[in-house]
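Bear in mind that the values in this text are calculations on the coordinates, not laboratory data. Please read all numbers here as calculations on a predicted model, not as lab measurements. Reconstructed Cβ throughout: ideal geometry from the backbone, glycine too, with neighbour counts over all protein chains shown.
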Amino acid sequence: MTTANYIIEPLDPLDPGDPAQPIIANDLESPASETGESEQAGEKSVAIPESRAGMDASDQLMFVSESSAIDISLLTVVANDETNSLKPSPSADVSRDAEPRAKRGRFYEGHREAEERDALGAPPTLLTLPFDLLLEILSRTSYPGDLLAVARTCKSLCRKLTDASTYHLWRKMRRDILLPDPAAYEAEVEDAYNSDGSKKKITGVENFINNEPAYAAFIFDGGPCEICDDFTNRSYRSFALRIRLCGNSDCLEKIKKSELLSWKFMSSQPQSITSVIPVLEVNRIFRPSSLEGERATRASLIEVSRASNPSSEEINLASAKNDVWMQLCVALFKWNQIWQRNLRKIHSANESMGKKFAENEGWNYSVMVNETTYGPFRTTKYKLRENITDEELQHLRPTISRELYLFQRKKEAKIQTRLREANADNIFKLYQKLMSQPVTYPNLPPFAVFLNFPATKILQSSELVEAGYDVRSAVAGKSCIMGMLKKQIEEWAEKAKQEMLNSLDESADWNSMVSGRRMTHPVLRLDAWWKCKICNRVEPKYDIDGCLDFAGVCRHQCQEEDKKKKKKGAVTRTWSAGNFVKDDQASAVMKQCLERLGIDVEEEAEKGSRTKFNETLWRCTSCNPPLFLRAKSVIGHSHRHMSPMQVEILPQFIPSTMKTRPNLFGLARWLSQSSRYPKEEVVKINFGCQHCVNKVKSEEAQAPADPGQDSAFELRNTSPKGSAEADAPQDTLDPGRGRGKRKEFVNKFNFNGLRSHLSSK
């Protein structure tokens, strides 16, 4: 046998086997079909292979769909006895001979369906239709893939639609799409069992004859890609070798270079092997430049053929079956070319019609496809392989128009929602920006109050969102919104001054006076401090002081009672001037400090007074012994004394009796943290009690002084480096003068030990 019997020429330039052409997947998008093995009376019967004995209808269909139509791996082919009839359906129970078969089948089938209904609930609507009506509906479909999809919905429909009584419907659909009939392909071969030289007819496609569901599944089903093994809905690239590729171009390039196929099969193997092994329908499927006479095949089939030693009769039989198989596959390849070409034409025509329709109406075609009824309608027409007509589009116009209107409304609502959320975030960012400008906005209100300003409400309004404006563009530059906002903040701060003035026992005349540079408003003076009587807490900026000045009062937001974070601006404890009371301890000590500095708070500018105060060193005389304080610690330290705290000014050159070691400001706060480095320092025995040392030095200072020591003390204080030496530890000064190292702290502790020591005092 030669390959001349099934060599074909290209039908047209749109060859789906050409890698340069797009391959459109078949309409069927579902897995392999299932079918039964019962047969309509009067039709031709074929034998069931032994390997299929005992399978139910669905198992047999899967067997047919996944197995080869001819067993090309065995050269010793034995002809099936075509006179045998089909075996009984496995659903029948042959062990129950006492009951009539029909009655027994009806009883157990009904019982099984009742159990399924109880387990799964109400049956689908498709199952409630009378089967005759369902067949009438399915007859209006256009190709066997629709029947396969319905048959796979459940076992009940699979048994009914794969029964031989429905084969007429499968055949009708096959003929409607001009699909080749497998029964038309047969060959004659000499009967080895008869000596009279008679011939018998054989076919190499026994699995497809009188088994329309299996034939449809073979053509329209998807499966794993030969290279990447990913599932694809595409049909076979080569029906003869059952090679399927996905749409990935890399898989096509890999199969050209892989050893899966033998490209010089026809010229490198003897006739006894080439005649019994199927080959590619055309080499152009994978290699457009390959010679037509050189047909490729699977390399694995060649190895199996070489290992066998068949007789001449077996070779003739296998060759005849292979010839029939190749004729059918070549016919299928030609049909697939026409099928894919028609699909492309229909798809192109429908795309052009839809785009023209959308352009005439002024609609976006992509939105019309994805967001309206037109998308499913176009897909249905493509599956039915029908062209979209202008009458159908005119009928759909009102529906599409309403759906586009609803889509546009939803789209605008989503845009406005996102813009509203962005505006809320940008308003908070605007508030943070104003906080970073203390000169322009010294007295900002809490964010909850800030949101209630008329200018801020404009930024939150729906009108601004509907107009498509965001907060950033509305407040950019010297906009009117920013001018309004600044004016409203100043008015609110002025009103807060008037309300807070009542808590300072000052004259109400200040409410009708304008502050001058040398006449500071009472609430802005250094001796004006308050506490919140609602939450008794302060912002992090005022943690050291433990109380609030006027700017802190304006910005203070009470902590929620449940201590849970809420949405920005959503508070249950609103700001009010009545929430604050005067901090008598802080106010008294600051008034005393200003008196020590000779500053009249009513006439001195706030900035100048604060500068003088910060440059001064202080000592708390209420502590026993007196404690050295920096200006930052004076207000916070005042809360440790129940009675008014007494302070005095220290000179810049601090005697050693007053200050032993200069501690870093905020050291205790840093050591109280739970991070890595503070924990390492806390355990070190490197801390001493300044109170104890000062007490000892005070006692030593009151004792009669040695003249030599006094002269040495005066020498240190009159040296040019006196200031630095005074701030430095004394045990670092003595070695530089050749003296022995003197122990400053009698007792040393770690940080926690020092805290316990102080609490005991």
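Things to note:
- Cα gyration tensor category, rounded, prolate or oblate, for region 384-500 with a/c compared to 1.5: prolate
- Counting every other Cβ atom within 10 Å of each residue's Cβ, F239, F231 order from fewest to most as F231, F239.
- Annotation: for a label point projected 7 angstrom from Cα along Cα→Cβ of W363, residues of region 402-429 with backbone N closer than 16 Å are 402-411.
- Karplus-derived 3J(HN,Hα), 6.51/-1.76/1.60, for each residue of region 344-361, Hz, glycine and proline x: 5, 5, 5, 4, 5, 5, 5, 5, 5, 5, x, 5, 5, 4, 5, 5, 5, 8
- Among E463, E186, the ranking by other beta carbons within 10 Å of each residue's beta carbon, starting with the fewest, stands as E463, E186.
- Each of C228 and N624 was given a label point 7 Å from its Cα along the Cα-to-Cβ line. The distance between the two points is 8.8 nm.
- Here D600 and E490 are evaluated by their C-beta separation; at R0 = 22 Å the FRET efficiency comes out at 0.20.
- FRET efficiency, S462 to W670 (Cβ-Cβ, R0 60 Å, nearest 0.05): 0.75
- Proxy reagent accessibility, fewest Cβ within 10 Å first, across S643, S587, S156: S643, S156, S587
- Length added when fully stretched, L126-D425, from 0.36 nm per residue minus Cα-Cα: 102.4 nm
- Per-peptide average of other Cβ atoms within 10 Å, ordering 140-152, 384-396, 674-686 highest first: 140-152, 384-396, 674-686
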